[in-house]
Amino acid sequence: MLKPYWKGLVLITMFLVLFLAACSGEDVADSSSGETDSGSTNAGSEDTGESINYTIYGIEPGAGINLTTEAAMEQYGLDGWQFEQSSTTAMTVELEKALNNEEPIIITAWSPHWLFAKYPDLKVLEDPKNIYGEPGDIVTLVRLGLEEDNPEAFKIMEQVYWSLEDREEVILEAEESGVSIEEVTKQWVADNPDKVAEWTEGVDDVDGVPFKLTTNHWESDLPLGYALVEVMEQKGFNVELTPLDVGVMIESVANGDMDAVTGVWMPITHKDYYEANKDKFIEVGKNLDKGTMIGLAVPGYMDIDSIEDLEAK
Ligand code: PBE
């Protein structure tokens, strides 16, 4: 009676031992065949999504970079992900909190900005589908009729150009010194008379001619607004600068409320707003040539390089 019982037990034990050995054998075979590499990459990106709660931090709703990011999330299939859109300040606070704790985070980032100078370890994710595009331009738009009504201002708008290096110098100095970006810009204009003279070359002085200028309210573009106020007032213009949301700034030139707008990022970031108002403004030039960048960025210690490394929730 006992014998068959022991036989059964031995058989079951042997089976278990063989089964476990086979399992671990399979593991060993797998890792030696190199599949662990791709396996861990996949696991890594799933972990990335999970570790950041499937969240991307954007900025103010309506910002061009947010619209582009929504398109990118769709094109890269980031289903179920959250896109936080509150403010640039809130995004920066989240980023700095993550950096201080060496935690993962994904943010929308752009240049010119002081972030990349302050945190050189930030890594812009590759974008193989090219949703965020190549380095872009900042263009100047004026209202219909400006050339006839105010040819001197029109000429300045055609000629104004400010290099990436000069913009970054102002943005960084304001960030590092704590002095307002308006004050820093005024000082830059005072220190660089030769550069700003190019903007007004061949332009006659005027006597109190009013000029309404708008731009977006980010540090990438505000300085040019302040610089133009300074330079045009020296020429005798009476300049009113009104920074506006990107959705409104182009429209305000299209409907004639504003004479000109300088902070228009093309061909991608502000494309929708540009197209919606096309034929109701005149593009008179680029005030920055291929100097802008938009994209998604992560701290350097994160183990991903491309938006493609991210997966749906
Ligand atoms: N930005 C800076 C703006 C324009 C300038 C990239 C944050 C945007 O519309 O996204």
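The values are calculated or read from the model by the stated rules, or taken from the named source; none is laboratory data. On a predicted model such as this, the values are computed, not experimentally measured, just so you know. All Cβ positions, glycine included, derive from the backbone under ideal geometry; neighbour counts span all protein chains shown. Surface areas here come from the heavy atoms of the whole protein model, side chains and all, with no ligands, DNA or RNA. Shrake-Rupley method; radii C 1.70, N 1.55, O 1.52, S 1.80 Å.
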What helices does the chain have that are whole DSSP H segments, at least 27 Å long along their own axis by Cα, and with mean Kyte-Doolittle hydropathy of -0.5 or more?
-> 2-32
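When the helix-only estimate is applied to the chain (DSSP H runs of n ≥ 4, each -39,500 (n - 2.57), divided by the residue count), what is the mean residue ellipticity at 222 nm, nearest 500 deg cm²/dmol? Each step should come with its number before you reach the end.
Working: 13 runs with 148 residues, N = 313.
It lands at -14500 deg cm²/dmol.
Could you sort 80-91, 152-163 so that the peptide with the highest average Cβ count within 10 Å comes first and the rest follow in order?
Taking the mean over residues of other Cβ atoms within 10 Å, the ranking is 152-163, 80-91.
For each pair in K97/K118; K155/K195; K212/K271, compute the distance between the two Cα atoms and list the pairs where it is over 18 Å.
Details: K97/K118 14 Å; K155/K195 16 Å; K212/K271 23 Å.
Too far apart for the 18 Å limit: K212/K271.
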Which of L144, L296 is most accessible, then next, and so on - probe 1.4 Å | L144, L296
With every protein chain left in place, what is the accessible area of V179 in Å² (1.4 Å probe, nearest 10)?
-> 70
Apply 1/(1 + (r/R0)^6) to the Cβ-Cβ distance of E198 and K278, taking R0 = 25 Å, and write down the FRET efficiency to the nearest 0.05.
-> 0.30
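Where only protein heavy atoms count, and the probe is 1.4 Å, what is the accessible area per residue for the chain in Å²? Before the final figure, lay out the partial values.
Values: 16050 Å² over 313 residues.
For the chain, the solvent-accessible area averages 51 Å² per residue.
Rg to Rh for segment 41-147: what is it, with Cα atoms only and Rh by Kirkwood?
On the way: Rg = 16.1 Å, Rh = 15.6 Å.
In segment 41-147, Rg relative to Rh is 1.03.
Considering Cα pairs under 8 angstrom that are at least six residues apart, work out the relative contact order of the chain and quote it in whole percent.
Relative CO of the chain lands at 30 percent.
Could you work out what % of the accessible surface of the chain is carbon and sulfur, using a 1.4 angstrom probe and leaving DNA, RNA and ligands out of the count? Before the final figure, lay out each step's value.
Numbers: 8130 of 16050 Å².
Taking all protein chains in place, the chain shows 51 percent carbon and sulfur surface.
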Amide H proximity to G295 below 5 Å, modelled H, separation 5+ or other chain, gives A109
Take the Cα radius of gyration of segment 146-289 and divide it by 2.2 N^0.38 Å, with N its residue count; two decimals is plenty.
-> 1.00
Just the C-alpha atoms of segment 48-95: what Rg/Rh do they give, with Rh taken as the Kirkwood radius?
-> 0.96
Percent antiparallel among DSSP beta bridges with both residues in the chain, to the nearest 5?
-> 60
Can you pull the Rg over Rh of segment 94-140, Cα-only, Kirkwood?
-> 1.02
With all distinct Cα pairs included, what does the Kirkwood hydrodynamic radius of segment 180-244 come out to in Å, to one decimal, could you say?
-> 12.2
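Between K290 and D303, what is 0.36 nm times their sequence separation minus the Cα-Cα distance? Round to one decimal in nm.
Length gained between K290 and D303: 1.7 nm.
Report, please, the projected area of the chain averaged over directions, based on the convex hull of its C-alpha atoms, in nm². It would help to have the intermediate numbers written out before the result.
Details: hull surface 88.1 nm².
Average projection, Cα convex hull of the chain: 22.0 nm².
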Out of every Cα pair in segment 136-217, what percent are spaced more than 16 Å from each other?
-> 62
